[in-house]
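Structure, as structure tokens:
Every number here is computed from the coordinates shown, using simple stated rules; none is lab data. Keep in mind that what you see is a predicted model, and the values were worked out from it rather than measured. Here the Cβ positions follow ideal geometry from the backbone for every residue, glycine too, while neighbour counts run over all protein chains shown.
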Amino acid sequence: MIGFSEFVHQLRQTAEVHIGHEMPSFAKEEQTAVAAFLQAEYTRECLEYPANPPAFCSETAVWAARLVAQAAYFYLNRHENVELIEAQLTLRSEPVPVQEVLSADLCLRFLPQLIKALRLLDSEDPLVEILIKQVDLCSYTALLRSDAKQVSDELYLNPALRLLALDRLLEHNQNHLLAQEPWRSLAREYSGMYEYKFLKNNALT
């Protein structure tokens with residue numbers, strides 16, 4: 001059985017999920033190790049951010065990592081009905097606070113790809129909608145969904161997240177979102193900084 005900490009290390013280092021036929025152990029010591037590792041990863045990523053980021057939230061980061069591990073397990077091991085699966089998922093009912101979205105995104109950013117994989121197996125898999133709702137609770141991670149319909153205002157209003165959100169929209173060719181205001185104007189304002197990405201996806205034509 002792969003441990004929770006090992007799963008998260010491999011996820012962050014290879015962007016791949018490695019899981020066996022047993023649910024990872026979420027023992028307290030495993031979660032403590034994951035929190036410490038993700039805090040170090042957060043500190044490292046923050047060095048590349050254009051503005052001072054919010055403080056790291058270990059509780060939110062570990063929640064996201066745990067959800068991705070559970071989703072990966074049920075992607076490979078579907079011997080239970082969706083009601084039993086849903087009961088075993090660590091689900092949120094409230095949106096991730098804006099000051100915690102970067103902490104959640106450390107691992108939650110990998111969930112949209114897993115959702116795509118689930119859809120390929122079964123486009124009507126009810127687990128897909130459950131996981132989409134969890135992704136949508138994190139406004140920054142929700143930008144990775146190809147079928148996202150709008151960008152949360154909270155990302156634009158937060159100085160620490162505004163350019164990160166713009167960068168993500170450009171990096172993932174979310175032109176239908178970049179066409180919306182205020183993101184279209186923001187993209188034009190920073191067209192010099194992001195010129196290579198504009199040329200890549202022709203976002204402002």
Cβ density ranking, 10 Å radius, fewest first, applied to Asp136, Asp105 yields Asp136, Asp105
Mind checking the dipole of the chain: about its Cα centre, +1 per Lys or Arg Cβ, -1 per Asp or Glu Cβ, Debye to the nearest 20?
540
Would you pull out the residues with amide H under 5 Å of Cys138's amide H, same chain only if 5 or more places away, H placed 1.01 Å from N?
Val96
Given a cut-off of 17 Å, what percent of all Cα-Cα pairs of segment 35-92 lie beyond it?
51
Hits for the chain under the membrane-span-like helix rule (DSSP H, Cα axial span at least 18 Å, Kyte-Doolittle mean at least 0.5) are 58-76, 159-171
By average C-beta atoms within 10 angstrom, highest first, the peptides 15-25, 33-43:
33-43, 15-25
Among Ala117, Ala69, Ala165: highest mean-square fluctuation, GNM of the chain, C-alpha pairs under 10 Å:
Ala117
Once you place label points 7 Å from the Cα toward the Cβ at Ser185 and Ser123, how far apart are they in nm?
4.0
Return one quarter of the surface area of the convex hull spanned by the alpha-carbon atoms of the chain, equal to its mean projected area, in nm².
11.6
